[in-house]
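Worksheet: one structure, shown below.
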Amino acid sequence: MPRVVVAQPNGFCFGVERAIRLAKRGLKEFSRVWTLGELVHNQQVLKELAALGIKPVRRLADVQDGGLVIRAHGCPPGVFAECNRRGIAVIDATCPYVRRVQSVARRLAGEGYQVVVVGERNHPEVKAILAAAGEGARVFSPGRRLKGKIGVVAQTTISREMLKEAVAKLLDFRYTEIRVFDTVCAEVVARQEAAVRLAQRVDAVVVVGGKNSANTRRLTEIVRGQGKPVVHIAGAGELDLRRWRRYGRVGVVAGASTPRSAVEEIARILQDSGCAGGKAQLSF
Ligand code: F3S
């Protein structure tokens with residue numbers, strides 16, 4: 001029977017849910033709460049937070065009175081120092097899994113390892129990990145020969161395949177020692193594995209999540225790697241239904257900062273629009 005199938009797990013990951021909870025709790029203490037960058041990659045949720053008094057700022061200079069939330073991605077130690085200097089009260093919502101990567105990187109650097117972070121150079125999480133490890137830490141770059149003993153950590157939202165490939169490339173050179181910490185988040189791995197399973201069961205896949213969400217982009221790449229038609233949309237408004245009517249089974253996968261309500265809305269629109277033959281059975 002044709003149907004719309006929604007991958008499990010979906011909804012906010014532990015770290016994003018915790019960051020939202022801490023920001024809301026901050027409202028009990030401060031009249032206004034700011035977040036350094038967007039707390040989640042979802043416009044609807046951002047609007048709801050803004051209505052409560054939780055708004056993003058791009059720079060510390062834009063923080064007015066109130067508390068400042070550090071997002072689940074974390075931020076460089078210098079930001080905490082700057083907040084302290086400016087008298088800004090900080091609500092640290094750095095995900096504990098991200099904080100662990102930072103402390104592993106710091107420890108490796110302290111033990112004399114050349115720290116290599118496998119991830120996206122310009123991603124805020126990666127910048128924060130590099131800053132935690134201090135000078136000399138660098139983002140993995142294939143073909144680049146490094147010196148001394150190597151300590152590897154991963155951005156929490158990359159795929160384990162990316163980490164394995166990076167380690168294999170590092171082994172192209174001879175180093176006295178390479179220590180690898182698999183710091184890819186278990187929640188991310190679960191979603192990536194679910195995306196692979198789903199892609200194998202359906203004719204095409206809709207990936208839902210912010211365009212600037214690293215883990216959502218990765219899900220899109222993973223589905224594409226399974227040879228299935230895939231589209232990455234930020235929300236229901238971007239759904240081109242004419243395209244989806246031709247498929248018998250459509251899968252819906254979501255990134256870690258996409259609320260469950262957004263996933264369910266898209267699944268229902270696909271179903272109601274006559275996608276999957278118009279008699280689709282919605283399966284969560
Ligand atoms: Fe944390 Fe993993 Fe989410 S690292 S922010 S629980 S994707």
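Every number in this text was worked out from the coordinates using simple rules, so none of it is lab data. Remember, predicted model here, so these are calculated numbers, not experimental data. Using ideal geometry, Cβ is built from the backbone for each residue, glycine included, and neighbour counts are taken over all protein chains shown.
Counting only DSSP H runs of at least 4 residues, each contributing -39500 (n - 2.57), and dividing by the residue count of the chain, the helix-based mean residue ellipticity at 222 nm comes to -12500 deg cm²/dmol.
Taken over the range 1-130, the percentage of Cα pairs per 5 Å bin, counting from 0 up to the bin with the maximum distance, is 2, 10, 18, 20, 18, 13, 9, 5, 3, 1, 1, 0, 0. Taking N as the residue count of the range 220-265, its C-alpha radius of gyration divided by 2.2 N^0.38 Å amounts to 1.18. According to the square roots a ≥ b ≥ c of the eigenvalues of the Cα gyration tensor, what is the shape class of the range 135-228, taking rounded for a/c under 1.5, prolate for a/b larger than b/c otherwise, and oblate for the remainder? Note, shape of the range 135-228 comes out prolate. Sequentially through the range 144-154, phi angles give Karplus couplings (6.51, -1.76, 1.60; θ = phi - 60°) of 8, 8, 10, 10, x, 8, 10, x, 10, 10, 10 Hz, Gly and Pro residues having no value and appearing as x.
Go through the range 177-184 residue by residue and turn each phi into a ³J(HN,Hα) via Karplus (6.51, -1.76, 1.60, θ = phi - 60°); whole Hz please, and just put x for glycine and proline. So the Karplus estimates, Gly and Pro as x, are 7, 10, 10, 10, 10, 7, 9, 5 Hz. Look at 39, 46, 108 and count the other Cβ atoms within 10 Å of each Cβ; fewest to most, that gives 46, 108, 39. Residues 167, 126, arranged from fewest to most other Cβ atoms within 10 angstrom of their Cβ, appear as 167, 126.
Less than 5 angstrom separates the built amide H of residue 232 from those of 207, all sequence-distant by 5 or more or on a different chain.
Sequence-ordered 3J(HN,Hα) estimates for the range 121-126 from the Karplus curve with 6.51, -1.76 and 1.60 and θ = phi - 60° stand at 3, 9, 6, x, 4, 5 Hz, glycine and proline given as x. The order of 123, 41, 73, going from fewest to most other C-beta atoms within 10 Å of their C-beta, is 123, 41, 73.
Within the listed set 61, 154, 89, the Gaussian network model of the chain (springs between alpha-carbon atoms below 10 Å) gives the highest mean-square fluctuation for 61. Compactness of the range 17-94 is given as radius of gyration and Dmax, 11.3, 34 Å, from Cα positions. Against the chain, whose longest principal axis is taken from its Cα atoms, helix 186-201 shows a tilt of about 30°. As an equivalent ellipsoid, the range 87-201 spans semi-axes of 24, 22, 11 angstrom, where each value is the square root of five times an eigenvalue of the C-alpha gyration tensor, largest first. For the chain, the longest principal axis of the C-alpha atoms and the axis of helix 43-52 are separated by about 70°. Normalised size of the range 75-141, defined as Cα radius of gyration per 2.2 N^0.38 Å with N residues, equals 1.14. The Cα-based radius of gyration of the chain, divided by its Kirkwood radius, gives an Rg/Rh of 1.02. Using alpha carbons only, the radius of gyration of the range 195-274 set against its Kirkwood radius gives Rg/Rh = 0.92. The separation of the range 134-186 from the range 190-232, counted between C-alpha centres, amounts to 25 Å. Here the chain is assigned +1 on the Cβ of each Lys and Arg and -1 on the Cβ of each Asp and Glu. Its dipole about the Cα centre then comes out at about 340 debye.
Rg/Rh for the range 36-77 (Cα atoms only, Rh after Kirkwood) is 0.95. Under 5 Å between amide hydrogens, built in the peptide plane, is the criterion, and for residue 91 it picks out 68, 69, 70 among residues at least 5 positions away or on other chains.
For residue 204, the residues whose amide H sits under 5 Å from its own are 249, 251, ignoring neighbours fewer than 5 places away on the same chain, with H placed 1.01 Å from N. Computed on the chain, with alpha-carbon pairs under 8 angstrom and 6+ residues apart, the relative contact order is 25 percent.
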